[in-house]
Each structure stands twice: as structure tokens, then as C-alpha cells.
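As C-alpha cells, the structure follows; a few thoughts come after it.
The values are calculated or read from the model by the stated rules, or taken from the named source; none is laboratory data. Everything numeric here is computed off the predicted structure, so don't read it as measured data. When we count neighbours, we look across all protein chains shown, and the Cβ atoms used for this are built from the backbone with ideal geometry, even at glycine.
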């Protein structure tokens with residue numbers, strides 16, 4: 001799933017490569033997307049590269065290769081137009097169901113192995129969230145996932161599918177399903193769903209450093225991003241994880 005800007009940049013690069021065989025410069029990409037700085041282009045390219053849409057060729061200037069396009073270009077355009085600017089999980093109101101035997105799922109929290117053998121509740125699965133570069137979250141009302149009641153506790157909950165590997169050292173892998181308890185505050189060191197600049201959502205470890213907020217990955221390949229306090233809003237904290245084997 002791509003953000004609108006990621007999609008626009010990918011298609012612009014694809015068009016220029018077909019026309020001239022040379023990828024556009026950062027200035028050309030910045031102007032085409034109406035962005036104010038090259039750092040925004042760098043972030044979009046990194047996100048596309050992490051998701052397997054772009055490849056940067058080494059030792060060559062302006063060397064970008066489009067490795068794949070969205071599976072259905074027309075559908076992707078429609079989705080980007082309809083993507084919400086804010087991420088607002090819904091309250092889970094479901095009754096316990098009969099248990100369904102499933103394989104054990106390992107939580108990223110130390111020492112906690114979850115056996116899915118308890119009564120469960122259906123929790124809304126709000127789509128994919130990047131554990132790497134932030135992407136816009138899509139709130140899919142039609143999809144749910146069964147979560148053991150013992151994992152949930154009190155409060156509102158929702159689930160997300162992880163995309164990316166930046167939290168791999170915390171035991172959170174690409175393709176995992178994470179259970180999130182909705183909240184708007186969290187202690188230092190908590191893994192949270194963070195809303196950045198009102199339209200991008202990411203799963204990272206939260207650190208407060210003076211008046212700034214740091215979103216830390218759990219993978220040495222990625223850098224910690226630091227924001228002013230008015231740019232980050234906590235949307236929930238991680239309380240569980242499920243994995244298919």
C-alpha cells in the first residue's frame with residue numbers, strides 16, 4: 001500500500017524512464033510533486049525502495065530503477081484519493097466466541113508466549129502499517145481478526161499488519177499482526193502507533209528528549225527520527241502480537 005505522494009513519485013519516475021531512459025533529478029521530482037524540500041523526496045524514495053518498488057543502482061548518479069508497479073494502477077489511484085488524513089480506530093464491541101485451536105503466537109514482550117486457546121473477540125484489522133518509513137494507514141471496516149480475550153484487557157483495541165523490518169530486533173517481523181490498545185499518552189520506551197504530521201502513521205519506540213519526541217526503530221539499518229512535540233500524536237500502544245508459521 002502506497003501513500004498518494006509515494007504513488008505519484010513512482011509514476012513520475014516510471015514516465016521519465018520510459019521517455020528518456022534517465023531518472024529525474026531530485027529538483028525535478030520536488031517540483032513535480034509540489035514539495036518544498038529534497039528531504040521529502042529522499043523519504044519517499046526510501047519508502048518505495050523498502051517496499052520493493054524502486055532500486056537505487058550503486059555508483060551511478062541519478063540511477064533509479066523501477067522494479068515493480070502497483071498490481072492494479074487504477075485501483076491504487078482510487079485508494080489514494082480516498083485515504084483518510086487521520087487514523088481513528090473504532091471501539092471493539094464484540095462477544096466472546098468459541099475458541100479455535102491455532103498455533104502459538106510469540107509476543108515481542110519478553111517472557112510472554114501466547115497460546116491461542118481462549119475465547120476470542122473480533123477486532124477490526126485496519127490494514128498495513130509500516131515498521132519502516134511511515135505510510136498512511138488505511139482503515140478497512142470490512143476486515144476483522146480474532147484476538148484471544150486474555151490479550152485484550154480493558155479499553156479499545158484494533159489490529160494492524162506490519163510492513164517492513166525496522167522493528168525486527170524487538171521481535172516484530174514483516175507480516176506480523178500487532179494488537180494495539182488505543183491511548184493518547186505513553187511512557188518512555190513504549191512501542192506505540194504514532195501519527196506524524198497529521199497524516200502519516202508508524203510503529204516505533206517512543207522516547208522523549210527534552211521538548212522533542214524521538215521515534216526509535218529496532219534495527220540498526222534505520223535512523224531514529226526526532227520531531228517537535230506538536231508533530232507527533234500517540235494513537236495507541238502495542239499490547240500483543242500474532243504470527244502465522
message: Out of everything in segment 25-41 that is under 12 Å from residue 9 (Cβ atoms) and part of a loop (DSSP other than H, G, I, E, B), what residue ends up being modelled with the lowest pLDDT?
response: 35
field: Cβ pairs under 8 Å, 6+ apart, first in segment 171-195 and at positive phi, second assigned to a loop (DSSP other than H, G, I, E, B)
entry: 171/107; 171/108; 175/243; 175/244
message: Kindly evaluate residue 230 against the criterion of being at pLDDT below 90, surrounded by fewer than 20 Cβ atoms within 10 Å (Cβ to Cβ) and either more than 29 Å from residue 144 (Cα to Cα) or under 16 Å from the mean Cα position of the chain (by Cα) (or both).
response: no
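One line per residue, one yes/no per condition, for (1) surrounded by fewer than 23 Cβ atoms within 10 Å (Cβ to Cβ); (2) in a helix (DSSP H, G or I); (3) modelled with pLDDT of 85 or more:
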site	(1), (2), (3)
126	no, no, no
129	no, no, no
160	no, no, yes
165	yes, no, yes
173	yes, no, yes
query: Regarding residue 11, is this residue under 24 Å from the mean Cα position of the chain (by Cα) and closer than 15 Å to residue 69 by Cβ?
result: yes
- request: State whether one or more residues within segment 58-68 are assigned to a helix (DSSP H, G or I) and either at pLDDT 80 or above or closer than 22 Å to residue 126 by Cα (or both).
  value: no
- prompt: Which residues, taken from segment 209-227, are at pLDDT 90 or above and more than 19 Å from residue 170 (Cα to Cα)?
  reply: 212, 213, 226, 227
message: Cβ-Cβ distance below 7 Å, separation of 6 or more or different chains: which pairs start in segment 18-35 with a residue that is on the phi < 0 side of the Ramachandran plot and end on one that is exposed (fewer than 12 other Cβ atoms within 10 Å of the Cβ) and part of a helix (DSSP H, G or I)?
response: none
